[in-house]
Amino acid sequence: MSCTVHIPSPLRSYTAGASRVQAGGRTLEEVLASLEIRFAGMRFRMIDEQDRIRPHIRLYVNGQEANALSMPVGAGDTIHVICALSGG
């Protein structure tokens, strides 16, 4: 199953500047694992060491916020990765 993942600009250095990529998987966790294989290091920017979504990251599947990596993903679904910006 393939879905479209929209990549925010702070993470595009992993995707050679691509704002959208295709990834496979039946759950959000599998999709992120697929991305990690292609774009090493990217998953760690979104998911912490306890396999939780980092506080400054929001993941949406077809417009619905994902609260767990076990959220199902189907063929043709759209995933948006949103990063909070901070600075001083």
Say whether the condition of being within 17 Å of residue 69 (Cβ to Cβ) and modelled with pLDDT under 95 is met by at least one residue in segment 1-19. yes
Does segment 29-52 contain at least one residue that is of a type in the set (Ser, Thr, Tyr), crowded, with 16+ Cβ neighbours inside 10 Å and under 12 Å from the mean Cα position of the chain (by Cα)? yes
For residue 45, work out the one condition from (1) part of a helix (DSSP H, G or I); (2) more than 20 Å from residue 85 (Cβ to Cβ) it doesn't fulfil. (2)
How do the pairs read when you match residues in segment 49-61 that are among the acidic types (Asp, Glu) with residues anywhere that are part of a loop (DSSP other than H, G, I, E, B) and surrounded by 14 or more Cβ atoms within 10 Å (Cβ to Cβ), using Cβ under 7 Å and keeping only pairs 6 or more apart or on different chains? 51/69
When segment 63-87 is checked residue by residue, the ones that are outside any loop (DSSP other than H, G, I, E, B) and either in contact (Cβ under 8 Å) with a residue 60 or more places away in the chain or at positive phi (or both) are 78, 79, 80, 81, 82, 83
Which one is surrounded by the fewest Cβ atoms within 10 Å (Cβ to Cβ), of the residues in segment 2-25 that are of a type outside the set (S, T, N, Q), touching a residue at least 60 places away in the same chain (Cβ under 8 Å) and closer than 16 Å to residue 37 by Cα? 11
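The values are calculated or read from the model by the stated rules, or taken from the named source; none is laboratory data. Small disclaimer: the values here were computed from a predicted structure and weren't measured. Quick reminder, even Gly has a Cβ in these numbers, built from the backbone with ideal geometry, and neighbours come from all protein chains shown.
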